[in-house]
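Data block below; observations after.
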């Protein structure tokens, strides 16, 4: 997509650049929260609540992100330059993959290592699945924006 295409969006919707910025923030936040785990022992991890368990089934098993959920403020786009957002999303995804790999080596892929704000405690394999589903959800939104742009032009 061109720079102009990356910033175009329908009213009250994110642009493709904003989606990429959001994804880069999500990858970065998980990486930053996982990094200290490499230097310390895991504490006692609580179980999931029934609400978190249901969310886990929807997201992690069925691969769906429910519509209408608003992103946390810390993960909302702030207006990053589109070219920077495009480059940063890939860089931060690579960082996330690296720190997740190191946590898997240290704790195993089934050990719950970090609490997700909605899905509760997740293992490294579940964090990978979450980010895969979350990214795919937003890639479908970007594809919809591209289709809308083709109709306009």
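The values are calculated or read from the model by the stated rules, or taken from the named source; none is laboratory data. This structure is a prediction, so every number in the text was calculated from the model and none was measured. We place every Cβ from the backbone using ideal geometry, glycine too, and count neighbours over all the protein chains shown.
Name the single residue, out of those in segment 1-10 being part of a helix (DSSP H, G or I) and either in contact with a helix residue (DSSP H, G or I) (Cβ under 7 Å, 6 or more places away or on another chain) or at pLDDT 95 or above (or both), that is surrounded by the most Cβ atoms within 10 Å (Cβ to Cβ).
Filtering segment 1-10 down to residues part of a helix (DSSP H, G or I) leaves 3-7.
Going one step further and asking which of them are either in contact with a helix residue (DSSP H, G or I) (Cβ under 7 Å, 6 or more places away or on another chain) or at pLDDT 95 or above (or both), we end up with 3, 5-7.
Numbers: 3: 12, 5: 15, 6: 21, 7: 16.
Among those residues, the one meeting the criterion is 6.
Quick check on segment 11-28. Is at least one of its residues buried (at least 18 other Cβ atoms within 10 Å of the Cβ) and more than 20 Å from residue 140 (Cβ to Cβ)?
Within segment 11-28, the first condition is being buried (at least 18 other Cβ atoms within 10 Å of the Cβ), and the residues that meet it are 14-28.
Still in the list and also more than 20 Å from residue 140 (Cβ to Cβ): 28.
Yes, segment 11-28 contains at least one residue that is buried (at least 18 other Cβ atoms within 10 Å of the Cβ) and more than 20 Å from residue 140 (Cβ to Cβ).
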Which residue pairs have Cβ atoms under 7 Å apart, sit 6 or more places apart or on different chains, and have a first residue in segment 85-104 that is free of Cβ contacts under 8 Å to residues at least 24 places away in the same chain and a second that is buried (at least 18 other Cβ atoms within 10 Å of the Cβ) and assigned to a helix (DSSP H, G or I)?
104/124
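Checking the conditions here, which among 47, 43, 63 is assigned to a loop (DSSP other than H, G, I, E, B), touching a residue at least 40 places away in the same chain (Cβ under 8 Å), loosely packed, with under 15 Cβ neighbours inside 10 Å and over 17 Å from the mean Cα position of the chain (by Cα)? Spell out how you get there, then give the answer.
Numbers: 43 fails: touching a residue at least 40 places away in the same chain (Cβ under 8 Å); 63 fails: over 17 Å from the mean Cα position of the chain (by Cα).
After ruling out the rest, the residue left standing is 47.
Would you point out the residue of segment 115-126, among those that are in contact with a helix residue (DSSP H, G or I) (Cβ under 6 Å, 6 or more places away or on another chain) and buried (at least 18 other Cβ atoms within 10 Å of the Cβ), that is farthest from residue 41 (Cα to Cα)? Spell out the reasoning first.
First pass over segment 115-126, keeping only residues in contact with a helix residue (DSSP H, G or I) (Cβ under 6 Å, 6 or more places away or on another chain): 118-120, 124, 126.
From what's left, buried (at least 18 other Cβ atoms within 10 Å of the Cβ): 119-120, 124, 126.
Numbers: 119: 22, 120: 19, 124: 15, 126: 20 Å.
This residue is 119.
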